[in-house]
Each structure stands twice: as C-alpha cells, then as structure tokens.
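Accompanying notes for the structure given below.
Taken together, the values in this text are just the output of simple stated rules run on the coordinates, not laboratory data. As the structure is a prediction and not an experimental result, all values here were calculated from the model. Methodologically, a virtual Cβ is constructed for each residue, glycine included, from the backbone with ideal geometry; neighbour enumeration extends over all protein chains shown.
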Amino acid sequence: MTKVTRITISSIVDGGICVAASDGQKVYRALHEVIERGGRAEISFFGVTRMTTAFLNAAVGQLYGEFDEATLKSRLASPVDFEDWHLRRLKLVVDRAKLYFSDRERVEAVYRDNLED
C-alpha cells in the first residue's frame, strides 16, 4: 500500500490566507515531490480561511500540465479538513485545468482571438 503524505496548506504558506500564486507554488512543489516519487498526497485545508483560484491554479492546476489525469487520480487522495467552499473552488480549478491541458493550443487560440475582438 502506498504511503499517504498529508500536505497541510496552512502550514506550508504559514497561515490561512491563501491568495498569492507564489504561495500556491510552494504547495505545488510539495505535491509534485510526493507524486513524482510515487507517493500519494492528501491535501488538508485545515486553517484555510481565504483562498483564491489564482492560488489553487498554482498549487494544483498546473499539476495537470505535468502529469496525466490517471496518475493524478491515483496519486491525489481525497482532500481533508475542508469546508464546502474549499471543494467548490478546487473543483472549478481542476475542471479548468483539465480543459486547458487537454488542448492547450486550441484554448490559447480562442483566448488570443477574443483579445483581438
């Protein structure tokens, strides 16, 4: 059985306010390390009082550009210590990341086309 490593967001960012992408990058590095070595990561939202999608994009979303969905499904355990709003934001970010990384060129082309309009 694969060892589960708990990644407590508030411990990594030294508090419950999770808004900066640079703090999300710290969480990303912790998650990436566990996944890359073949472990299983469990995200804990204990103590998180504020959290933006920008933070979550950096922390979790970019994992979908590094690993395939099947790997992430097997290597990310269900989150713990969460409130409903934590999961709603996480789901939003994960859904967007899956869409973006499934066809990055098309998504970027649509984005560029809309900027020109």
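FRET efficiency for THR5 and ASP68, Cβ-Cβ distance as r, R0 = 22 Å, nearest 0.05?
0.60
Enumerate the calculated ³J(HN,Hα) couplings along the range 85-96 in order (Karplus 6.51 cos²θ - 1.76 cosθ + 1.60, θ = phi - 60°), each rounded to whole Hz, writing x wherever the residue is Gly or Pro.
5, 4, 5, 4, 5, 4, 4, 4, 5, 5, 4, 5
Quick one, what does Rg over Rh come out to for the range 4-116 if you take C-alpha atoms and the Kirkwood Rh?
0.99
Order these by the 10 Å Cβ neighbour count, fewest first: SER44, SER22. Display every interim value, and only then the final one.
On the way: SER44 17, SER22 9.
Ordered by Cβ neighbours within 10 Å, fewest first: SER22, SER44.
Taking a cut-off of 16 Å between Cα atoms, list the lysines near LYS73, but don't count ones fewer than 8 places away on the same chain.
LYS3, LYS91, LYS98
Out of residues 5 or more away from THR8 or on other chains, whose amide H comes under 5 Å of its own, with H placed 1.01 Å from N in the peptide plane?
Those lying under 5 Å, H to H, from THR8 are SER44.
So what's the angle, to the nearest 10 degrees on a 0 to 90 scale, between helix 21-36 and the longest Cα principal axis of the chain?
Relative to the chain, helix 21-36 is tipped by roughly 70 degrees.
When only DSSP loop residues count, what GluC sites (Glu not before Pro) in the range 1-101 have their Cβ near at most 15 other Cβ atoms within 10 Å?
Answer by residue number: GLU83.
Taking the range 14-56, which trypsin sites (Lys or Arg not before Pro) meet the DSSP loop condition and have no more than 14 other C-beta atoms within 10 Å?
ARG37
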